[in-house]
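Each value in this text was obtained by applying a stated rule to the coordinates, not by laboratory testing. These numbers come from a predicted model, not from an experiment. A quick note on method: Cβ atoms are made from the backbone with ideal geometry, for glycine too, and the neighbour counts reach across all protein chains shown.
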Amino acid sequence: MSGTNDQTGFPDLDQPDRTVPRNLRQTGDPGIEMLVSTRVRKSPFFHKSFNEEGAWRATVYNRIYHPRGLVEPEDGGAMAEYEALTEAVTLWDVAVERQIRVKGPDAEALTDYVITRDATGIEPMHGKYVILCNEDGGILNDPVLLRVAEDEFWFSISDSTLMQWLQGVNVGMEFDVEIDEIDVAPMQIQGPRSEDVMIDVVGESVSDIPYYGLMEAEINGCNVLVSQTGFSGEKGFEIYVRGATENAEAVWDPVLETVKDHGGRQIAPGHHRRIAAGILSWGQDMDHETSPFQVNLGYQVPDDKEGDYIGKEALERQRERIENGEYPFAYKLMGLKFAGEPVRDYAPDFWLVSDPDTEELCGYLTSPWYNPDLETNIGLGFVPAETLQEATDTPLDDRIYNEDLDLEFRVHLPDEYAEEAGEPVFATVAEVPFKESVNPSAREQAKLGARREAEANED
């Protein structure tokens, strides 16, 4: 492969945006075994997912075992799970989304200080997708933030430690709050029949919950919090089980039974569908060395937030440079459609991207998968910002994701997916999201509004 060091096997691809480069060596899946030990926590749903429902593989997420495969490969594997998600209804074990609570008289003030969006505008019993950044503007976490009371917020976190960060921020700041992890475990009910399941489980009032709205409920005698949220792009809800150590299985059983009654099943979190929806995964698509302006999250940095927050100065400098046509990063995450055999499972490596003219390595994929609705492989990946800018007059802000650019790359797939062993496949930059969500994000809503306005002007 052009650009790979023959002695070390590591690609010769400069990563100037990072202090710790991604490991881009293409090593594949060596078939190692997951060690189960007391060093990693078993969630309250562990027995149900693995011992009863037969989850056959796992990863570790927030230091908790996370089921990542329920349907065996010989029975259709992850693509059979995709079918259940998009055509029926599914239950996900997402207890790995630890709940970090900020509670007290200054809960709103501290929360507003650590997130980029405006926490003061979140009403009790509502939530919002947010990001937290460090002083350099790097993304530390992208949780769903729930305001369960005037003086209480829950951070439903992605895969990075957040509690210690919040506690550390408050050292010397002396906000009058308690910051701790609470005994709450979420599960997700996702798919077109999810509302029917929820009506059977908690009653018809669940239909009145707005997107990112919350509702207190009771299931099998156990107190739960319900939200209309999810990680799939499909219609969906989350059930947060209070006192989960004691109550998790009592809630799980009737919910799973109802899911099955509606033709569904438990599956692993639907990364195939979230990629199509343009939903990002912390650790794959972004991390603490990634700016929101690199990964389609510029809308998370408002230009009218009055309050100060961590990273504000750095992010405002970055935005100013972008607006002046001086994109401050070497790479930008974009959507790609690419050829090859259908990618029907998780990629074990960051597959490399090259320039079709020079054949030099120039980027890498973070999240690839085959989409049966689009009948093509799709993926998110970092490509050179300079190449993007040469292909369009659009500034390299979030608007760039609304375009199908006339821009080609090559993707270096493992031989099992390549059209010809050892040869890269054709790829083209594509609009993100690849497939619209049932509940569009704030960025998608703005995009749809702009599109409708343009169509009206044409008429």
What percent does the relative contact order of the chain come to when contacts are Cα pairs within less than 8 Å and at least six residues apart?
16
Using a/c under 1.5 as the rounded threshold, could you call the range 354-447 rounded, prolate or oblate? The axes a ≥ b ≥ c are square roots of the C-alpha gyration tensor eigenvalues, and prolate needs a/b larger than b/c, oblate otherwise.
oblate
Given the chain, what count of lysine pairs have C-alpha atoms under 26 Å apart, with each pair 8 or more places apart or on different chains?
25
Which shape class applies to the range 32-104: rounded if a/c is under 1.5, otherwise prolate when a/b exceeds b/c and oblate if not, where a ≥ b ≥ c are the square roots of the Cα gyration tensor eigenvalues?
oblate
Cα-based Rg (one decimal) and Dmax (whole number) for the chain, in Å?
22.0, 65
Note on the range 80-186: alpha-carbon gyration tensor, axes a ≥ b ≥ c; rule is a/c under 1.5 for rounded, else prolate if a/b larger than b/c, else oblate; result prolate
Two pseudo-spin positions, 7 Å from Cα along C-beta at Ile199 and at Asp183, lie apart in nanometres by 3.5
Mean-position separation - Cα centroids, the range 412-435 and the range 202-242, in angstrom
38
Of the candidates Val425, Phe382, Val89, the farthest towards the positive dipole end of the chain (Lys/Arg Cβ +1, Asp/Glu Cβ -1, centred on the Cα centre) is Val89
Just the number, please: percent antiparallel of the DSSP beta bridges in the chain, rounded to the nearest 5.
95
Plugging the Cβ-Cβ distance of Asn223 and Asp357 into 1/(1 + (r/R0)^6) at R0 = 51 Å yields, to the nearest 0.05, a FRET efficiency of 0.25
About the Cα centre, charge dipole magnitude for the range 343-403 (Lys/Arg +1, Asp/Glu -1 at Cβ), debye:
300
What net charge do the residues around Ile157 carry, taking every other residue with its C-beta under 12 Å from that of Ile157, with Lys and Arg at +1 and Asp and Glu at -1?
-1
Hey, with R₀ at 56 Å, roughly what FRET efficiency would Thr428 and Leu35 work out to, going by the Cβ-Cβ distance, to 0.05?
0.85
Can you find, among Leu110, Asn134, Ile100, the residue sitting farthest towards the positive end of the charge dipole of the range 97-144, where Lys and Arg contribute +1 and Asp and Glu -1 at Cβ?
Ile100
Simple Cβ-charge dipole of the chain, Lys/Arg +1 and Asp/Glu -1, about Cα centre, in debye nearest 20
1040
